[in-house]
Amino acid sequence: MELTKLRYHHLGIPTKEKHEGEVYLEEFKVYVAGYDTSPYKIEWMRYEDDSPVNKLVQSVPHIAFEVDDLEEAIRGKEIIIHPNSPSEGVRVAFIIDNGAPVEFLQMEKNANDEK
């Protein structure tokens, strides 16, 4: 995947602290907060002890990029979280790059979206 095709989306930082405005994602047993209010798109993630999310993602900050083609972005990479849909209209996957987790997000386009 060419770097020019990657668009910064957010920085995810694991935490043990509660944050104002947390939203609970039951399937992943994680509370997320901050993305909507941070001018730098920093997202805090507080995991429950029995969260099924990859332990590396639970313990090391990750950077997330929006891509047009999720399958192309992860092709040939070491995948640690396979493509899934944590919320409506979004598909995500995580890879490892040089020991760090990297997230790719593909937003679904609807008929009214322009390219």
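The values are calculated or read from the model by the stated rules, or taken from the named source; none is laboratory data. Keep in mind that this is a model prediction, so the values were computed, not measured. Counting neighbours? That spans all protein chains shown, and the Cβs are built from the backbone with ideal geometry, glycine included.
Evaluate the following for PHE28: is it in contact with a Leu (Cβ under 8 Å, 6 or more places away or on another chain) and either hydrophobic (A, V, I, L, M, F, W, C) or under 14 Å from VAL102 (Cβ atoms) (or both)? Can you show your working first?
Numbers: in contact with a Leu (Cβ under 8 Å, 6 or more places away or on another chain): no; either hydrophobic (A, V, I, L, M, F, W, C) or under 14 Å from VAL102 (Cβ atoms) (or both): yes.
In short, no.
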Exercise for review: Tell me which of these GLU88 doesn't satisfy, since it passes every other one: (1) among the charged types (D, E, K, R); (2) out of contact with any Gly (no Cβ under 9 Å at 6 or more places or on another chain); (3) within 20 Å of LYS5 (Cα to Cα).
Suggested key: (3)
Exercise for review: Inspect segment 46-56 for any residue being among the β-branched types (Val, Ile, Thr) and either in contact with an Asp or Glu (Cβ under 6 Å, 6 or more places away or on another chain) or exposed (fewer than 14 other Cβ atoms within 10 Å of the Cβ) (or both) and give the result as yes or no.
Suggested key: no
Check your understanding: How many of the residues making up segment 71-82 are surrounded by 17 or more Cβ atoms within 10 Å (Cβ to Cβ) and of a type outside the set (Val, Ile, Thr)?
Key -> 1
Exercise for review: Can you tell me which residue among GLU2, GLU27, GLU43 is over 15 Å from the mean Cα position of the chain (by Cα) and either within 19 Å of VAL90 (Cα to Cα) or modelled with pLDDT under 95 (or both)?
Suggested key: GLU2
Review point. What about TYR35, is it modelled with pLDDT under 95, closer than 21 Å to TYR8 by Cβ and out of contact with any Pro (no Cβ under 8 Å at 6 or more places or on another chain)?
Key: yes
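Just need a number here: residues in segment 83-103 that are small (Gly, Ala, Ser) and either surrounded by 14 or more Cβ atoms within 10 Å (Cβ to Cβ) or over 22 Å from VAL32 (Cβ atoms) (or both).
Residues of segment 83-103 that are small (Gly, Ala, Ser), as a first pass: 85, 87, 89, 93, 99-100.
Next, only the ones that are either surrounded by 14 or more Cβ atoms within 10 Å (Cβ to Cβ) or over 22 Å from VAL32 (Cβ atoms) (or both) stay: 93, 99.
Counting residues in segment 83-103 that are small (Gly, Ala, Ser) and either surrounded by 14 or more Cβ atoms within 10 Å (Cβ to Cβ) or over 22 Å from VAL32 (Cβ atoms) (or both) gives 2.
Taking into account only those residues within segment 14-37 that are part of a loop (DSSP other than H, G, I, E, B) and in contact (Cβ under 8 Å) with a residue 24 or more places away in the chain, which is nearest to GLU66 (Cα to Cα)?
Applying the first criterion (part of a loop (DSSP other than H, G, I, E, B)) to segment 14-37 yields 15-22, 29, 34-37.
Next, only the ones that are in contact (Cβ under 8 Å) with a residue 24 or more places away in the chain stay: 15-19, 22, 29, 35.
Details: THR15: 23, LYS16: 26, GLU17: 27, LYS18: 27, HIS19: 25, GLU22: 22, LYS29: 23, TYR35: 14 Å.
Within segment 14-37, the match that is nearest to GLU66 (Cα to Cα) is TYR35.
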